[in-house]
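S.K.: The following block contains the structure, expressed as structure tokens.
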Amino acid sequence: MNPRILLVDDDALFAESVRLFLESDPLSVVVAHDVAGAKAVLSEKAVSLLVTDDRLPDGRGLELTDPALIDEAPVIVVTAHPNFEHAVEAVRRGAVDYLTKPVELAELRHAIHRSLGRDRMRRLVEARRRAEARQPPRADGAIASLLATVRRAEERRPGALPPVLLTGETGTGKTHLARLLHEASPRAGGPFVAANCAALPAALLEAELFGTKSGAFTGAETREGLLELASGGTLFLDEIGELSVELQAKLLTALDAREIRRVGGRRSRRVDFRLMTATNRDLEAEVQAGRFRQDIFYRLNVLRLRIPPLRERLEELPELIETILTECLPGVSGELAPGELERLARHDWPGNVRELRNVLERCVLDSEPGQPWRPSRYLASGVSRPPEAAPFQPVALAELERQHILRTLEHFEGRKDATARALGISPATLRRRLRSYGL
């Protein structure tokens, strides 16, 4: 369904010009000329965006920004009488853009699409949060297999929850698997506390992990660290290979004694958590190089799981795409354009599942409603594997030109002006070529 735009302006000529200008866009534009007419439109059906002048014959356009009328639809104010106080008031009432007349129609179109894009992103983020709160993440393919491996190991030792070390490239889903393991364990009712050891300098990371006592350093306040906060649940330390040797020793002491001391404190405090760690480094090599303690490596390396990179499990692409769209982009309906899955399967995915999620989110955000999705447009160049070579078949130059023109036209979804620009020919030449192809 096309976004529904309500345009409110007492200048009938301007309003009709805007409506006609936007006619070629996938937008449904409804026009009103005063506050009363706008309220009548809003009472019938919700709108995706409000574009209004503020000075109207029967009142102010800003009256229409009431959430009771437009819910959370973004607002663009277009005025012939701009001033600073008015602009501040418009923003305070929720306007996302403030344009002054005379306004270029192309500028107004750009503002409309920009506002719709922001609103779509906001709704996607909110929908994702609601979905994550309603249901746990799904486990598919390699993740489901690794989850089953841990369950079998735990069944062999009832009551024991061995430390888990997750290895794999960045973006393969180590945090995702750690959360699933926590939710499938007897500690699922306790907290899942995650920390990235590469995110903070060693001094700050120590305070973050072990907590602080007031006066330990300038500005320090008494507070619990993550090891205490994880009591009764799971502590997940990502990028464990980045932990300094000094903090490795302190963490090992906490694991052995099941107690910690806050930075600047003297009293020991009991902690009870299951430890999971993750790394994209070769920890054995780090041990040999003296950058990682051998004793703590033995403590962590009890149940070790490697998450394969996405390029090694491309058969999971359809399942992963469905999962990402269901969990991360709930409420969004659509389908991949023909040939897209094959194009995605030729990509090497250096960013793994994280890159796939980013590509899908950008594609859905930028796509017009009702248009098939083409996520391959958002792939980084130079990291795709060529398709398997086919036997050479001589082809006439005219046929090669025809194929190239039709593929370019498909890429631009039938938009002839954009196709002509990309091909470096005039629109008239493109039309002649298409007529010669019977199109």
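Coordinate-derived values only; no laboratory data. From a predicted model like this one, the values you see are computed outputs, not experimental measurements. Virtual Cβ from ideal backbone geometry, glycine too; neighbours counted across all protein chains shown.
S.K.: What percent antiparallel are the DSSP beta bridges of the chain, to the nearest 5? Let's see the in-between values first.
M.R.: Values: 6 of 42 bridges.
The answer is about 15 percent antiparallel.
S.K.: How many nm separate the modelled label positions at R114 and A184, each set 7 Å beyond the Cα in the direction of the Cβ?
M.R.: Here the answer is 4.7 nm between the modelled labels.
S.K.: Same structure again: Going by how many other Cβ atoms sit within 10 Å of their own, how do Y98, Y437, Y378 line up, fewest first? Write down the numbers at each step before the final one.
M.R.: Details: Y98 18, Y437 10, Y378 14.
Least crowded to most crowded, the residues run Y437, Y378, Y98.
S.K.: If you don't mind, there's one more thing I want to ask. Please find, in a Gaussian network model of the chain (springs between Cα atoms separated by less than 10 Å), the residue of E322, E284, E410 whose mean-square fluctuation is greatest.
M.R.: Result: E410 has the largest fluctuation of those listed.
S.K.: Which one, I143, I307, I296, has the greatest fluctuation when you compute a Gaussian network model over the chain with C-alpha springs under 10 angstrom?
M.R.: I296
S.K.: A further question on this structure: So how far, in whole Å, is the C-alpha centre of the range 257-334 from the one of the range 1-79?
M.R.: Going from one Cα centre to the other spans 51 Å.
S.K.: For V263, which sequence-distant residues (separation of 5 or more, or a different chain) have an amide H within less than 5 Å of its own amide H, given hydrogens modelled in the peptide plane?
M.R.: G211, T212, K213
S.K.: Beta carbons within 10 angstrom, averaged per residue: use that to sort the peptides 416-428, 239-251, highest first.
M.R.: Values: 416-428: 13.8, 239-251: 18.8.
In descending order of packing, they fall as 239-251, 416-428.
S.K.: Classify the range 311-378 as rounded, prolate or oblate, taking a ≥ b ≥ c as the square roots of the eigenvalues of its Cα gyration tensor: rounded when a/c is under 1.5, otherwise prolate if a/b is larger than b/c and oblate if not. Each step should come with its number before you reach the end.
M.R.: Numbers: a/c = 1.69, a/b = 1.40, b/c = 1.21.
It comes out prolate by the Cα gyration axes.
S.K.: Identify all lysines with a Cα-Cα distance to K416 below 26 Å; exclude those on the same chain that are fewer than 8 residues away in sequence.
M.R.: none
S.K.: Could you pull out which residues in the range 221-257 have an amide N less than 11 Å from a spot 7 Å beyond the Cα of S268, following the Cα-Cβ vector?
M.R.: 254, 256-257
S.K.: Could you give the length gained on full extension between E155 and T100, defined as 0.36 nm per residue of separation minus the Cα-Cα distance, in nm?
M.R.: Numbers: separation 55, 0.36 × 55 = 19.80 nm, distance 6.91 nm.
The span from E155 to T100 would gain 12.9 nm if fully extended.
S.K.: If you don't mind, there's one more thing I want to ask. Which option, (1) 18; (2) 56; (3) 50, is the value of percent of Cα pairs over 37 Å apart that was calculated from these coordinates?
M.R.: So the calculated entry is the one marked (3).
S.K.: Once the piece of chain linking A144 and R281 is laid out straight, how much longer is it, given 0.36 nm per residue of separation minus the C-alpha distance between them? Show your work: numbers first, answer last.
M.R.: Details: separation 137, 0.36 × 137 = 49.32 nm, distance 2.32 nm.
Contour length minus Cα-Cα distance gives 47.0 nm.
S.K.: For each of K174, K45, count neighbouring Cβ atoms within 10 Å of the residue's Cβ, then give the residues from fewest to most. It would help to have the intermediate numbers written out before the result.
M.R.: Details: K174 24, K45 10.
Ordered from fewest to most neighbouring Cβ atoms within 10 Å, K174, K45 come out as K45, K174.
S.K.: So, one more: Before rounding to the nearest 500, sum -39500 (n - 2.57) across all DSSP H runs of length at least 4 in the chain and divide by the residue total; then give [θ] at 222 nm in deg cm²/dmol. If you can, show how the numbers build up before the last one.
M.R.: Numbers: 18 runs with 193 residues, N = 439.
Value at 222 nm, helices only: -13000 deg cm²/dmol.
S.K.: Using the 10 angstrom Cβ neighbour count as an exposure proxy, how do D71, D97 rank, fewest first? Walk me through the numbers before you get to the answer.
M.R.: Numbers: D71 10, D97 20.
Ascending number of Cβ neighbours within 10 Å: D71, D97.
S.K.: Given the Cα-Cα distance of H411 and L20 and 0.36 nm per residue of separation, how much length would full extension add, in nm? Provide the component values of the computation, followed by the final result.
M.R.: On the way: separation 391, 0.36 × 391 = 140.76 nm, distance 2.64 nm.
My answer for the length gained is 138.1 nm.
S.K.: Over the chain, calculate the relative contact order: mean separation of alpha carbon pairs under 8 Å at least 6 apart, over the residue count, as a percent.
M.R.: On the way: 618 pairs, mean separation 56.4, N = 439.
RCO, the chain: 13 percent.
S.K.: Related question: Using the per-residue mean of other Cβ atoms lying within 10 Å as a proxy for protection, in what order, highest first, do the peptides 144-156, 351-363, 253-265, 226-238 fall? Numbers along the way, then the final one.
M.R.: On the way: 144-156: 14.0, 351-363: 19.5, 253-265: 16.8, 226-238: 21.5.
Descending packing order for the listed peptides: 226-238, 351-363, 253-265, 144-156.
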